[in-house]
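Report on the following structure.
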Ligand code: DGL
């Protein structure tokens, strides 16, 4: 069968999308990946819709110039606010997004009551609730913005008293009446998953939209004959728009291994 050795393009506002890269690596070990983190403008989640759309379009243009065969929007905020604009503006490659795969993974569990947590822009867009209700209108959906989870994850504050009080601040209501399913609607939040689990023990299901997105992308790539050859291990190229002094340390927290080379670029 013909192989497609062009890289997969992935972008996020910053480091959160690395959780998608890590998940993708375990399902598609032979694919080359080009990752863009718009670290100069993170967080996107507190910005206006107009700017989030513009940033998303600039991120796509950058990846297309790198010759990618598909683009994965590893940012729930861009997925929630700008996905239809991006899909109509960029038609040369398929654009997959983290929100649709998170919704599909949620629906498969047939919950009665779902809590979606995400950035302010994601929650204000109401995109998760609308997509869930398009398929299963009977599910009760509560969406909660948790903007401080992004800096906590980037700072490596993934447990302890500061994080506990932020969790209680945002999720207090959920802690007294647990949902059936908690959907992590931000690619930064998987770093807090283990700690969130201590506040919401089983049988609450926790869906990580980064894992759901990687699994969906792997299926899509196989079904659409976009798979790369399997003779070598996939390579990764990383681009960021700003390089913080502790970038490598932060990035390895999200990725689970150390990044090799990173190039700073302007969009
Ligand atoms: N990782 C982004 C997301 O999934 C959130 C971070 C941000 O606010 O830029 O929504």
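With the simple spin-label model, which puts each label point 7 Å out from Cα in the Cβ direction, the residue 120 to residue 26 separation comes to 3.4 nm. With Cα atoms as the point set, the chain shows a radius of gyration and Dmax of 17.6, 54 Å. Per residue, the convex hull spanned by the Cα atoms of segment 5-146 amounts to 108 cubic angstrom.
Once you keep just the Cα pairs under 8 angstrom separated by 6 or more residues, what percentage relative contact order results for the chain? If you can, show how the numbers build up before the last one.
Working: 511 pairs, mean separation 78.3, N = 267.
Relative contact order of the chain: 29 percent.
Summed over qualifying helices (DSSP H, 4 residues or more, each -39500 (n - 2.57)) and divided by its residue number, the chain shows a 222 nm mean residue ellipticity of -13500 deg cm²/dmol. Rounded to the nearest 10 degrees, the inclination of helix 98-108 to the longest alpha-carbon principal axis of the chain is 50 degrees.
Label sites at residue 89 and residue 144, each approximated as a point 7 angstrom past Cα along Cα to Cβ, lie 3.4 nm apart.
Label reach from residue 136 (point 7 Å along Cα→C-beta): in segment 168-191, amide nitrogens under 20 Å belong to 174, 177-186.
The residue 225 and residue 177 beta-carbon pair, evaluated with R₀ = 30 Å, returns a calculated FRET efficiency of approximately 0.05. Among 123, 249, 81, 27, the ranking by other beta carbons within 10 Å of each residue's beta carbon, starting with the fewest, stands as 249, 27, 123, 81. Please give the helix 49-65 orientation as an angle from the longest Cα principal axis of the chain, in degrees from 0 to 90, rounded to the nearest 10. Long axis of 49-65 versus the principal axis of the chain: about 30 degrees. Extension gain for the segment residue 205 to residue 1, taken as residue separation times 0.36 nm less the Cα-Cα distance, is 69.6 nm to one decimal.
Spacing of the modelled spin labels on residue 261 and residue 169, each 7 Å from Cα toward Cβ, amounts to 4.2 nm.
Over 13 Å apart: what share of the alpha carbon pairs of segment 1-68 falls there, rounded to a whole percent? Everything past 13 Å amounts to 66 percent.
The gain in end-to-end length when the residue 233 to residue 162 segment is fully stretched comes to 21.6 nm, 0.36 nm per residue minus the alpha carbon separation.
For segment 39-157, calculate the relative contact order in percent as a whole number, restricting contacts to Cα pairs under 8 Å that are 6 or more residues apart.
Relative contact order for segment 39-157 comes out at 26 percent.
Fully extending the segment from residue 50 to residue 243 would add 67.0 nm, taking 0.36 nm per residue of separation and subtracting the current Cα-Cα distance.
What FRET efficiency, computed as 1/(1 + (r/R0)^6) with R0 = 41 Å and r the Cβ-Cβ distance, is obtained for residue 64 and residue 112, rounded to the nearest 0.05? Intermediate results must be reported in sequence, preceding the final value.
Working: r = 42 Å, r/R0 = 1.02.
The computed FRET efficiency comes out at 0.45.
Under a Gaussian network description of the chain, with springs only between Cα atoms under 10 Å, the residue in 63, 255, 175 that fluctuates furthest is 175.
Look at the alpha carbon pairs under 8 Å that are at least 6 residues apart: their mean separation over the length of segment 1-106 gives a relative contact order of 32 percent.
Any read-out appearing in this document is the output of simple, stated calculations on the displayed coordinates, not a laboratory observation. In this text, all values refer to a predicted model and were calculated from it rather than measured experimentally. Heads up, the Cβs are rebuilt from the backbone with ideal geometry, glycines too, and the neighbour counts pull from every protein chain shown.
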